[in-house]
Amino acid sequence: MSLEEKVMAQMKDAMKAKDEALLRGLRAIKAEIIKAKTDPGANGQISADTEMKLLQKLVKSRKDSLVIYEQQNRADLATKESEEIAVIEKFLPQQMSEAELKEAVASIVAQTGAAGPQDMGKVMGVASKQLAGKADGKAIAEAVKNALNNK
């Protein structure tokens, strides 16, 4: 079952249950999927990898908005953003813990033979591919930087 089919099935249930928060999150996902399918070169299809990137992008943008709303003391808008984040994250794979991320990055550093901070690009290329969907890009970059600085 594709992401779009899962979202549509849950949208029906959310409408019946009149769950506004769930419905907002699902509609955001659906809109992003439709937008990706209509992009030039997509041919009406998107891969599972692209779906994960869309979901991560949605979560990231909402987290950025959440920080801004909290700084401006807009609890009403911050609550909506956090509800949508929770809905979208249900469709993402389980995120790695900080310890698991450090361990994975250490393994990748050993695989690539990186000697220090000058090899960050080489390590990031491998880490981004291997850890896609399992960890946030910013967290991966931070873990790689720490691992290479400790070499």
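Around the Cα centre of the chain, unit charges on the Cβ atoms of Lys, Arg, Asp and Glu (plus for the first two, minus for the last two) sum to a dipole of about 240 debye. Expressed as a whole number of Å, what is the distance separating the alpha-carbon centroids of the stretch 1-68 and the stretch 91-151? That distance is 27 Å.
Counting every C-alpha pair in the stretch 98-149, the share spaced more than 18 angstrom apart comes to 13%.
Counting neighbouring Cβ atoms within 10 Å and putting the fewest first, the residues ILE34, ILE85 line up as ILE34, ILE85. For the chain, the longest principal axis of the Cα atoms and the long axis of helix 3-17 meet at an angle of about 40 degrees.
Distance between the 7 Å Cα→Cβ label points at VAL67 and ASP119: 3.0 nm. In angstrom, the C-alpha Rg and Dmax of the chain are 18.2, 57. Calculated translational diffusion coefficient of the stretch 64-117 (10 °C, 1.306 mPa s; Stokes-Einstein with Kirkwood radius over alpha-carbon pairs) equals 112 µm²/s. Nearest 10 degrees, 0 to 90: what angle lies between the long axis of helix 75-89 and the longest principal axis of the chain (Cα atoms)? For helix 75-89, the angle is close to 70 degrees. Relative to the compact-globule estimate of 2.2 N^0.38 Å, the Cα radius of gyration of the stretch 14-67 comes out at 1.29. Placing a label point 7 Å from the Cα of LYS57 along the Cα-to-Cβ line, the residues of the stretch 110-151 whose backbone N sits under 20 Å from it are 128-141. Set Lys and Arg Cβ to +1 and Asp and Glu Cβ to -1, take the dipole of the chain about its Cα centre, and tell me which of ALA28, ASN43, ASN149 lies farthest positive. Sorting the options by dipole projection puts first ASN43.
No lab work stands behind these numbers, since they all come straight from the coordinates. For clarity, every value in this text was computed on a predicted model and none was experimentally measured. Note: ideal-geometry Cβ built from the backbone for every residue, glycine included; neighbour counts use all protein chains shown.
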